[in-house]
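S.K.: My questions will all concern the structure given below.
Every read-out reported here was derived from the displayed coordinates using simple, explicitly stated rules and does not represent laboratory data. The model shown is predicted, which means the values in this text are computed figures rather than measured ones. FYI the Cβ positions are ideal-geometry reconstructions off the backbone, even for glycines, and counts take in every protein chain you see.
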């Protein structure tokens, strides 16, 4: 069995403060035996405006945010899935919202640029990620010692065809910054659905609380097993949630209910 962990944060507009927080929380996760740790979406910066992150966009392989993640993976000997950070995009005034993956030697071994960009407009709440983010084009996954890990980000959770296209995974990771409104209604049920239909573990690392910019995120970072059972969860506030990936349990679920083999489309 392999212990995995999701870090939950309430990120601020100050990158330096968020770097310090993530160092502390990743150390806590590693101290609990985690061999793979996932960070939430927007962990390095939750700006006062959506455009603030553009000023902190890094070139792939270079910059303080990526240096921090590589160092943490190497220091603790873990697989680190770096939530999302802003990378330089081909379009002025916009970034790529990117998950970077580091192996236990601190080497980058995977990347996924968020494909589905969040849009929501209800009452006083309004979000339009397309104003400052360029969508990705490629599905992301990587091979860990316990099996394939599929990569998704937040709003992707509403598009099950993306998860099917990953192939058979042992684990799917979902860094997120779900709003409190949409999270209260849909977060857990969508996560459990993705676990059940793909018969794999789902590890969700979320933002969880009221941010300096006034935005409230839902939190509830959790690990869900292939039967759809929530194995561990943290509600709001920063912290770490840990649980085990059991390859034997995955195999047992797929053997007793061979839905993946029964697919026709």
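S.K.: At a threshold of 8 angstrom on Cα-Cα distance, excluding pairs fewer than six apart, so keeping six or more, what relative contact order does region 150-196 reach in percent?
M.R.: 47
S.K.: Give the angle, between 0 and 90 degrees and rounded to the nearest 10, that separates the Cα long axis of helix 188-198 from the longest principal axis of the Cα atoms of the chain.
M.R.: The angle comes out near 50 degrees.
S.K.: Suppose only helical runs count, i.e. DSSP H with n ≥ 4. What mean residue ellipticity at 222 nm does that imply for the chain under -39500 (n - 2.57) per run, divided by all residues and rounded to the nearest 500 deg cm²/dmol?
M.R.: -6500 deg cm²/dmol
S.K.: Quick check: the angle from helix 15-31's long axis to the longest principal axis of the chain, C-alpha only, nearest 10 degrees?
M.R.: 20
S.K.: Subtract the Cα-Cα distance of residue 165 and residue 92 from 0.36 nm times their separation in residues, and report this length gain in nm to one decimal.
M.R.: Result: 23.2 nm gained on full extension.
S.K.: May I pose another question? From Cα pairs below 8 angstrom and at least 6 apart in sequence, can you work out the relative contact order of region 2-257, rounded to a whole percent?
M.R.: This gives 21 percent for region 2-257.
S.K.: Give me the one-decimal nm value for the distance between modelled label points at residue 197 and residue 185, 7 Å along each residue's Cα-to-Cβ direction.
M.R.: Using points 7 Å along Cα→Cβ, the separation is 1.9 nm.
S.K.: Work out, step by step, the length gained on full extension between residue 126 and residue 75: first 0.36 nm times the residue separation, then minus their alpha carbon distance; give nm to one decimal.
M.R.: 14.4 nm
S.K.: Roughly what angle does helix 247-256 make with the longest principal axis of the chain, taking Cα atoms, 0 to 90 degrees, to the nearest 10?
M.R.: 60
S.K.: Nearest 0.05, what FRET efficiency do residue 256 and residue 138 give at R0 = 45 Å with Cβ-Cβ as r?
M.R.: Calculated value: 0.85.
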